[in-house]
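S.K.: I'd like to ask some things about the structure below.
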């Protein structure tokens, strides 16, 4: 596992390097924006930890350039600028997570692991169901050519239903899959999730088959 | 001692000045009246005197003789108050009204004109007496002609006039004092208006005193507004410094946290725990301070703002969904696309962010973001299906945020920040039990 850490504050950088090495990563450190962009563009990483306030080239620009070059590795932003405008800008520039400084190193490591697991666990492939395309690597979707950002839960819902080959999946089964066996009875959240997905994608994407459950419609909108 | 009130001071001086002027007027007018009456009486007496002189002749022994006595009936009525007397060295003639009395001979130098005196007369009377010496015959003796009238009725007239005039002048004094009061009130009115506006200025640093209602007050208004400008600039600078300081503290705090972990690895667990607690407290204080300075900025912002709730909700959900701890949460957004609230877009993001993050931290499965327009106003709420807060505890939650600076991070901080922000935008924020089972935080912008 290779991680790229971009951080100009020496003490924080040291700490990040040590913590990620301890977590089993091979770590590269970049101390300014130019260097970071160059490394990220030329080498393959499993994850990048990106500070925003950097010398030479700011973190957000680095991230935008990577994404423009189709560098798709997960990026977690770690920044002292902790307001929501910055967070939204970071996520919209293509970051996968955002952590404000100062942070708990354990939380950072957990989030990095989560990102790597989600991105690395699957081959970079896509599943097509009618107008809906699931990108299993980026955990995102496009519907009728329009990119849609999905939460982990939403992605897992679509991913699970898409793999049932047209079979209707009951809310209980979905709850068991998504939340674990002991909470299979809790289907309110599943109904809410379906409402949310229909709004994000299109109302007809998820069909309700009365008495059976949900399935993804194969036909074009 | 000088009275503190400008109104009282002006009024006292005005009434005193008016009083002095009117008293002087009373004095002068009664004097003028007196002289006028005396002159009239004097003229009447002189005419009678001239009649006496015209009818006067000298007898063979040098005694005075009158060919005809003055016609006025009062001369023939005893003690009537009107008297005459002509005297020569050889004898005298007197009006009947003198009865057995006589008018005292003058002590004054004899002049060829009417001389006026106020002697004590017969019958206990004060007299107004005129007298003159004439010579009816070139070679004859001199004759003293005296004509007098009692002075009491004159004095009475004078007193009556004085009293009536005084009453009138007192009335005039009251009216003029009333006018002075009105004038003072009118004069001070612009100051009262400015005082109200200065009160507004106290509440908001962006208020200004509007144009001066009178030219004389313009310099004062200008000075107040300049002071307000200076205060606003100072406030903005102080706020910026506080925000910059708070931001600048974050990276060093992260560095100290890094050192803390070294310390922990070196085995000094207690010291590391202490460091962590201090860092958490400092971070909470920094976040709180940033939120406060943002709230202050919102209050200071002058322009009308408006932002759509739905995109803010979706943006915030887009960020929160990234976090590992929300991997099992569904975020339901039920906000009409045309719902706008009177908040700047970035401030709405902060408010929404604080609420949604707080809800996500405690939710089990679901977070509901709801927005609507009601008869009361525009409302926005965030609810979760977490454990919620006991109704008895709800009022304490917002204050708990204030104490978090010491206790270090947690539940109340997000709510305290949200409360600061919401109230800065003129909204009300309240807590309730959610229909999902957890906490519902509702923000209402009244119409």
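The values are calculated or read from the model by the stated rules, or taken from the named source; none is laboratory data. Here the structure is a predicted model, which means the values were calculated and not measured. Quick reminder, even Gly has a Cβ in these numbers, built from the backbone with ideal geometry, and neighbours come from all protein chains shown.
S.K.: With the structure loaded, tell me whether residue B:190 is outside the structural domain of residue B:291 (by TED's automatic domain parsing) and not in a helix (DSSP H, G or I) or whether it fails that test.
M.R.: no
S.K.: When residue B:281 is evaluated against the numbered criteria (1) surrounded by fewer than 18 Cβ atoms within 10 Å (Cβ to Cβ); (2) at pLDDT below 80, which criterion, by number, is the only one it fails?
M.R.: Every listed condition holds for residue B:281 apart from (2).
S.K.: What about residue B:237, is it closer than 30 Å to residue A:81 by Cα and exposed (fewer than 12 other Cβ atoms within 10 Å of the Cβ)?
M.R.: Criteria met by residue B:237.
S.K.: Only one of these conditions is not met by residue B:331: (1) more than 52 Å from the chain's Cα centre (by Cα); (2) under 26 Å from residue A:98 (Cβ atoms); (3) modelled with pLDDT of 85 or more; (4) part of a helix (DSSP H, G or I). Which number is it?
M.R.: For residue B:331, the failing item is (4).
S.K.: Only helices (runs of 4 or more DSSP H) wholly contained in the range A:56-143 count here; list those with 1 or more residues that are at pLDDT below 85.
M.R.: Helices (runs of 4 or more DSSP H) meeting the threshold: A:105-120.
S.K.: From the list B:308, B:313, which one is touching a strand residue (DSSP E or B) at 6+ places or on another chain (Cβ under 7 Å), closer than 30 Å to residue A:196 by Cβ and more than 12 Å from chain A (Cβ to nearest Cβ)?
M.R.: B:308
S.K.: Among B:120, B:146, which is assigned by TED's automatic domain parsing to the domain that holds residue B:74 and surrounded by 16 or more Cβ atoms within 10 Å (Cβ to Cβ)?
M.R.: Residue meeting the stated conditions: B:146.
Results for (1) more than 48 Å from the chain's Cα centre (by Cα); (2) assigned to a helix (DSSP H, G or I), shown as yes or no for each residue.
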site: B:271; (1), (2): yes, yes
site: B:274; (1), (2): yes, yes
site: B:280; (1), (2): yes, yes
site: B:286; (1), (2): no, yes
site: B:315; (1), (2): yes, yes
site: B:319; (1), (2): yes, yes
site: B:322; (1), (2): yes, no
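S.K.: Using the structure shown, decide if residue B:222 is on the phi < 0 side of the Ramachandran plot, free of Cβ contacts under 8 Å to residues at least 24 places away in the same chain and within 13 Å of the chain's Cα centre (by Cα).
M.R.: No: the conditions fail for residue B:222.
S.K.: Against the conditions (1) touching a strand residue (DSSP E or B) at 6+ places or on another chain (Cβ under 7 Å); (2) more than 28 Å from residue B:159 (Cβ to Cβ), where does residue B:71 fall short? Just the number, please.
M.R.: Among (1) touching a strand residue (DSSP E or B) at 6+ places or on another chain (Cβ under 7 Å); (2) more than 28 Å from residue B:159 (Cβ to Cβ), the lone unmet condition for residue B:71 is (1).
S.K.: Next question. What do you reckon, is residue B:255 part of a helix (DSSP H, G or I), outside the structural domain of residue B:385 (by TED's automatic domain parsing), surrounded by 18 or more Cβ atoms within 10 Å (Cβ to Cβ) and under 58 Å from the mean Cα position of the chain (by Cα)?
M.R.: no
S.K.: Do we have any residue at all in the range B:364-380 that's exposed (fewer than 15 other Cβ atoms within 10 Å of the Cβ), in contact with a helix residue (DSSP H, G or I) (Cβ under 9 Å, 6 or more places away or on another chain) and closer than 21 Å to residue A:100 by Cβ?
M.R.: No: zero hits.
S.K.: Let me ask another. Considering only the range B:227-261, state which residues are under 19 Å from residue A:19 (Cα atoms) and either in contact with a strand residue (DSSP E or B) (Cβ under 8 Å, 6 or more places away or on another chain) or within 8 Å of chain A (Cβ to nearest Cβ) (or both).
M.R.: Passing the criteria: B:251, B:253, B:254, B:255, B:256, B:257, B:258, B:259, B:261.
S.K.: Then there is this: Among the residues of the range B:378-399, is any farther than 24 Å from residue A:151 by Cα, outside any helix (DSSP H, G or I), more than 14 Å from chain A (Cβ to nearest Cβ) and at pLDDT 90 or above?
M.R.: Yes, there is a match, as at least one residue in the range B:378-399 is farther than 24 Å from residue A:151 by Cα, outside any helix (DSSP H, G or I), more than 14 Å from chain A (Cβ to nearest Cβ) and at pLDDT 90 or above.
S.K.: Right, here's the next one. Considering the range A:159-186 alone, what residues qualify as being within 14 Å of another protein chain (Cβ to nearest Cβ), crowded, with 16+ Cβ neighbours inside 10 Å and part of a loop (DSSP other than H, G, I, E, B)?
M.R.: Once the filter is applied, which keeps residues that are within 14 Å of another protein chain (Cβ to nearest Cβ), crowded, with 16+ Cβ neighbours inside 10 Å and part of a loop (DSSP other than H, G, I, E, B), the range A:159-186 yields A:184, A:186.
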